[in-house]
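J.: For reference, the structure I am asking about is given below.
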Amino acid sequence: MHIDELDTPVLTVDLDALEANLDRYQRYFDEHKIGLRPHIKTHKTLAIAHMQMKAGAIGLTCQKIGEAEVMAGGGITSDLLIPYNILGQQKLDRLMALARQAHITVAADSDVVVHGLSEAAHAAGLTLGVLIEVETGSNRTGVTTAEEALHLAQLIDKLPGLEMRGLMGYPTPPEARPIFQESIALLDRAGLPHPIVSGGGTKCAFQAHELPELTEYRIGEHIVGGVGHLLAGRHSVDECALRVIATVVSRPVNGRAVLDCGSKTMSATILQTENGPSIGHIVEYPDARFYSYSEEHGHVDVSACDRKPVIGERVQVIPVHPCPCVNEHDELVAVRKGEVEAIWPIYARGKIR
Ligand SMILES: Cc1ncc(COP(=O)(O)O)c(C=O)c1O
């Protein structure tokens, strides 16, 4: 089937671009002897996860237990990292069931989380690997000093059911190096192990070697790109593999086109650019501005386009943020040179717990 025969709006991934991105990043991490642990929150599909493992990934990152359950259920059990504070009996019970099935490491940044993990793992008769999350500039989670990292490491080392596996942070630009260096120095002095030091983020992926402490790196968006990466020059239009194919459903005035893809197709993410808000980049009309949406309508300013789209015309839209866009869809259509090769269920969509 040709992509022109697909009903719209439809989420597609270009396999040539996907494979090129996979190869480009895997090669860099192989060259620098840093393990690549792709984050599946971007694509949420088993088929792509299997491609990543086959290409040389050391394991996968899953932000939530539900995503890891999907990966393990699909046969990827060798090494899953959940870099998230896991709290509450229901989640701990699921985590233990998962840890019986797969090699699991989790992250923690507080005594409360570490105690909960230890009690659950001890009661289940399991040993759970734990990374200490350090704060590396996002003002999100993570301990903010090396002393706190040491304190948590000592706790993990002392409590039953846990194994101290190291450190992680997100994102990890070169400026994030000091907290890793300082934490490692304290851990070494205390004789505590840190076999894993895990960095992450597509934005600074090719600078990972500037943090020689890193043993592995987590990235998600690299595999498909997106408008932010396009504007920053990290991905070309051709390397932006994820495309929503949409139809022009209205041209109410000369300067406006309306697409059949609104926030329920593209996601509600809006990227603020130099030219104003952006919901997506329209490949055939680079001068158009997809500036707003309603749930099922994409509002596009086409006044700057010499040639203007007509009603019924189909366009390809690169989303601004691939991860929540994928999360809006049941299926991802895999395309090569305009022909459909596969239709992949997005099994991990909506797995927010
Ligand atoms: C903990 C963690 N690691 C890795 C990543 C992957 O980063 P990116 O999407 O920039 O590739 C994210 C993204 O949100 C994250 O939260």
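J.: From the list E182, E213, pick out the single residue that is outside any loop (DSSP other than H, G, I, E, B), free of Cβ contacts under 8 Å to residues at least 60 places away in the same chain and either of a type in the set (K, R) or more than 16 Å from the ligand (Cβ to nearest atom) (or both).
T.: Only one candidate qualifies: E182.
J.: Right, here's the next one. Out of the residues in region 126-142 that are of a type in the set (V, I, T) and more than 18 Å from the chain's Cα centre (by Cα), state the one that is farthest from Q101 (Cα to Cα).
T.: V134
J.: Before we move on, is R349 in a strand (DSSP E or B) and either within 21 Å of the chain's Cα centre (by Cα) or within 16 Å of the ligand (Cβ to nearest atom) (or both)? Can you show your working first?
T.: Working: in a strand (DSSP E or B): no; either within 21 Å of the chain's Cα centre (by Cα) or within 16 Å of the ligand (Cβ to nearest atom) (or both): yes.
Criteria not met by R349.
J.: Run down R177, R140 and say which single residue is surrounded by fewer than 20 Cβ atoms within 10 Å (Cβ to Cβ), within 16 Å of the ligand (Cβ to nearest atom) and at pLDDT 95 or above. Before the answer, list the steps.
T.: Details: R177 fails: within 16 Å of the ligand (Cβ to nearest atom).
From the options R177, R140, the qualifying one is R140.
J.: Output the number of residues of region 297-324 satisfying the condition of being within 16 Å of the ligand (Cβ to nearest atom) and surrounded by fewer than 18 Cβ atoms within 10 Å (Cβ to Cβ). Lay out the reasoning, then the answer.
T.: Applying the first criterion (within 16 Å of the ligand (Cβ to nearest atom)) to region 297-324 yields 318-324.
Still in the list and also surrounded by fewer than 18 Cβ atoms within 10 Å (Cβ to Cβ): 324.
Here the count works out to 1.
J.: Within the set of pairs 6+ apart or on separate chains, which have a first residue in region 333-353 that is within 12 Å of V70 (Cα to Cα), a second that is assigned to a strand (DSSP E or B), and C-beta atoms under 9 Å apart?
T.: Note: pairs meeting the criteria are P345/E331; P345/L332; I346/L11; I346/E331; I346/L332.
J.: Do you know which of the residues in region 216-245 that are assigned to a loop (DSSP other than H, G, I, E, B) and among the acidic types (D, E) is farthest from A176 (Cα to Cα)?
T.: By that ranking, first place goes to D238.
J.: Determine if region 145-164 includes at least one residue that is within 16 Å of the ligand (Cβ to nearest atom), modelled with pLDDT of 95 or more and outside any loop (DSSP other than H, G, I, E, B).
T.: Looking only at region 145-164, we keep the residues that are within 16 Å of the ligand (Cβ to nearest atom), and these are none.
Looking through region 145-164, none of the residues is within 16 Å of the ligand (Cβ to nearest atom), modelled with pLDDT of 95 or more and outside any loop (DSSP other than H, G, I, E, B).
J.: In region 47-85, what residues are closer than 14 Å to K351 by Cβ and β-branched (V, I, T)?
T.: T61, I65, V70, I82
The values are calculated or read from the model by the stated rules, or taken from the named source; none is laboratory data. Computed from a predicted structure; not experimentally measured. For neighbour counting, all protein chains shown are included, and Cβ atoms are generated from backbone atoms with ideal geometry for every residue, glycine included.
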